[in-house]
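Input: a single structure, listed below in structure tokens.
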Amino acid sequence: MTATSKFQRAAGFTMIELVVVMAVLGLLLSIAMPRYLESLERGREQVLAHNLAQMREAIDRFYGDRGSYPDRLDELVERRYLRAVPVNPFTEAVDWQLIGPPAGVRGAIFDVAESAADHAARRRDLSLWLPVMTEAEAVEAAANAANAASATSAGTLP
């Protein structure tokens, strides 16, 4: 028996080598996974914004052609304003919040938005998807801003 055969090492990895490799993989995954999940979330938000824009454009074209708003989203598909009603990318269902038209206007769907419950569940800013203020409130806010700007330029503050 020779000295080399007596102390010959068995083929394979030691436990320390395996632990080091697992630690490095864990570190890389802990860096990469949050970025990957964030990019998925941003992608869904972009699809959501696109779907809402497409439906709003179809509703506007419907109103321009027919003089009334649609009574249901499927009517946009039946009359070929949309190929299909878009799906909410977060819930993977057709669960849009339907906003009715102002009083005196025919039809049932003036605007669409993501349902507030789904949006609140994701804890995002609702102002991106839902109308924040009515037209009267917007006019009043603009008038207040104009008054404040003129008062500031005149050197007096309200």
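The values are calculated or read from the model by the stated rules, or taken from the named source; none is laboratory data. These figures come from a predicted structure and were not determined experimentally. Positions of Cβ are generated from backbone atoms using ideal geometry, with glycine treated the same way; all protein chains shown enter the neighbour counts. Side chains included, ligands, DNA and RNA excluded: accessible areas come from the protein's heavy atoms. Shrake-Rupley method; radii C 1.70, N 1.55, O 1.52, S 1.80 Å.
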Give me the net charge of Gln97's neighbourhood, meaning all other residues with Cβ under 12 Å from the Cβ of Gln97; Lys, Arg count +1, Asp, Glu -1.
-4
Counting only the heavy atoms of the protein chains, how much of Ile31 is accessible to a 1.4 Å probe, in Å² to the nearest 10?
100 Å²
At 0.36 nm per residue, and after removing the present C-alpha to C-alpha distance, how many nm does the segment from Val85 to Leu40 gain when stretched out fully?
14.0 nm
Keeping all protein chains in position, work out how much accessible area Ser115 exposes to a 1.4 Å probe, and write it in Å² to the nearest 10.
30 Å²
Neighbour cut-off at most 12 other Cβ (10 Å), DSSP loop, trypsin sites (Lys or Arg not before Pro), the stretch 17-82
Arg80
Students sometimes get this wrong: rank Phe90, Phe13, Phe62 by accessible area, probe 1.4 Å, all chains present, largest first.
Phe13, Phe90, Phe62
Just by accessible area at a 1.4 angstrom probe, what is the order of Asp118, Asp65 from largest to smallest?
Asp65, Asp118
For Ala93 and Ser68, FRET efficiency with R0 = 30 Å and r from the beta-carbon atoms, rounded to 0.05?
0.65
